[in-house]
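Right, one structure below, let's go through it.
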Amino acid sequence: MNNVRALAAETLYQVVDQGLSLNQVLPAAAAKVAVKEKALLQQLCYGVLRQLPSLEHYCRTLLTKPLKGKQRVFQFLVYVGIYQLQHMRTPAHAAVAETVNALQALQAPGLKGLVNAVLRNFQRQQAELEAAANQVEVCLYNHPGWFIKAVQEAYPEKWQTILAANQQQAPMWLRINQSQYSTDQYLALLTEANIVARKVDGFCDAVLLEKPCDVFSLPGFAEGACSVQDGAAQIAARLMAPQAGERILDACAAPGGKTCHILELADNLAVTALDCDETRLARVQENLSRIGLQAQLLCADAANPDTWWDKETFDKILLDVPCSATGVIRRHPDIKWLRRAADIEQLALLQSSILDKIWPLLKAGGTLVYATCSVLPQENKDQVKAFLARTDDAIHQPLHDLDTHEQPGWQFLPELTDGFYYAKITKRP
Ligand SMILES: C[S@@+](CC[C@H](N)C(=O)[O-])C[C@H]1O[C@@H](n2cnc3c(N)ncnc32)[C@H](O)[C@@H]1O
């Protein structure tokens with residue numbers, strides 16, 4: 001089956017109803033469609049996940065009986081159809097006809113009449129349906145209720161901006177490999193290649209592309225001249241400030257963006273890149289190989305160093321802990337529907353256990369950088385504050401004026417960059 005809309009419906013069903021991530025299912029679906037349709041498949045899946053509560057709301061009005069059980073995949077096809085009518089430039093008649101045709105590929109030609117009627121009714125009633133949905137908070141913001149509440153509480157003045165930013169397509173940032181080119185030199189290469197990009201204050205290794213492009217059109221990409229990495233993600237290695245000869249642990253390393261960045265910034269580093277996921281660890285090796293860098297890779301549990309640590313302490317440790325990933329929703333809209341409120345407490349427990357278990361591996365006088373791609377305080381400032389309170393030899397190192405003992409750390413919000421969090425802690429010499 002290679003019908004792009006049918007594949008989008010199946011992929012969405014796997015994510016929303018079966019709880020699989022887009023990363024797990026989209027590549028297999030994309031492999032089935034023609035090259036020129038891959039972007040459309042992605043747009044349909046990302047778009048529906050961004051607008052899911054509204055689409056569900058419309059369908060509750062438009063379908064007298066919701067499609068249940070084995071028919072759920074057709075409900076997602078209806079969302080795909082409405083999404084095109086509401087948000088894409090596809091002519092309406094083509095959007096309806098192509099969506100109805102996808103039922104053939106899904107072996108449900110008997111539903112053509114129903115789907116056709118629902119889409120036509122949406123067109124006729126669009127203004128009223130939208131007005132009604134906008135009365136419902138989860139539909140107005142298109143985020144789960146628990147998350148809207150959490151962001152409102154954490155950011156009473158900025159919560160709407162954060163939720164709106166999550167609904168946007170994320171920009172493409174590059175990290176320039178400073179051991180090959182300065183950022184200015186690489187910008188000149190991009191200009192020669194007719195790729196429009198700019199530097200952004202405060203992000204010294206980064207350029208921001210005007211629009212996303214294929215990585216293989218980037219000068220020197222195959223040779224490691226640059227890597228795709230969000231601007232805020234690039235702060236980690238600069239906070240680590242690696243110096244020649246240091247022994248460094250990247251304790252949750254995969255896919256290795258930050259490991260590679262650390263290695264690009266200094267010679268003669270002994271970097272251990274640890275991750276508990278073997279498949280993801282293979283991605284670290286791929287990234288290291290492309291750039292021509294070396295690290296010791298270890299597939300192990302950061303929360304259980306007794307099983308892998310050789311008892312030699314590290315000068316510096318990067319702890320980019322597993323987190324809710326609520327700071328990267330615009331890049332992974334499935335996160336909104338895969339995460340549950342209860343996950344946050346579990347994640348916070350895991351993070352504090354990893355922090356406690358990894359701390360003894362840092363040498364006296366050494367530096368630990370704690371990082372997440374979350375916007376939630378439980379995983380960020382609350383986590384670090386509690387760690388500082390229970391750890392006698394931990395010294396908080398403020399990263400800016402607002403990074404205080406009461407509210408430690410540096411929170412990036414999803415705006416120009418993704419929503420990352422950092423805190424720097426040193427060990428008393
Ligand atoms: C946020 S990602 C790391 C991203 C990475 N630092 C980068 O910049 O490319 C978190 C990683 O932690 C790993 N992880 C989760 N629990 C872990 C554990 N107990 N021990 C080691 N790694 C773990 C996950 O497999 C995942 O790759």
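What the table below lists for this structure:
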read-out	value
Amide proton proximity set for Gly366, modelled H, under 5 Å, gap of 5+	Lys427
FRET efficiency, 1/(1 + (r/R0)^6) with R0 56 Å, evaluated for Lys158 and Gln18 via beta carbons	0.95
Mean-position separation - Cα centroids, the range 1-79 and the range 291-339, in angstrom	30 Å
FRET efficiency estimate (nearest 0.05) - Cβ-Cβ, Asp301 to Leu140, R0 56 angstrom	0.85
Ratio Rg/Rh [Cα only; Rh per Kirkwood] for the range 19-63	1.08
Selected from Val73, Ile148, Ile291, residue furthest toward positive end of dipole (the chain; charges at beta carbon)	Val73
Net length gained if the chain between Lys363 and Gln169 were fully extended (0.36 nm per residue, minus Cα distance)	65.7 nm
Overall form of the range 171-229 per C-alpha gyration tensor (a/c, 1.5; a/b vs b/c)	rounded
Rough spin-label spacing in nm, given labels placed 7 Å along Cα→Cβ, for Asp184 and Arg390	4.9 nm
Length-normalised contact order of the range 92-169 in % [C-alpha pairs under 8 Å, at least 6 apart]	15 percent
Residue-by-residue Karplus 3J(HN,Hα) for the range 416-429, coefficients 6.51, -1.76, 1.60, Hz, glycine and proline x	6, 9, 6, x, 9, 10, 9, 9, 10, 10, 10, 9, 3, x
Sequence-distant lysines (8 or more away, or on other chains) whose Cα lies within less than 18 Å of Lys68	Lys112
FRET efficiency for Leu399 and Gln125, using Cβ-Cβ distance with R0 set to 41 Å, rounded to 0.05	0.20
Vicinal HN-Hα couplings computed from phi for the range 133-150 (Karplus, 6.51 cos²θ - 1.76 cosθ + 1.60; Hz; Gly/Pro x)	5, 5, 7, 9, 4, 4, 7, 4, 9, 6, 9, x, x, 4, 6, 4, 5, 4
Globularity index of the chain, i.e. its alpha-carbon radius of gyration over 2.2 N^0.38 Å	1.06
Mean Cα-pair separation over length for the range 4-141, i.e. relative contact order, pairs under 8 Å, 6 or more apart, %	29 percent
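Where a number appears in this text, it was derived from the coordinates with a stated rule and is not lab data. Because the structure is a prediction, the values reported are computed rather than measured. Using ideal geometry, Cβ is built from the backbone for each residue, glycine included, and neighbour counts are taken over all protein chains shown.
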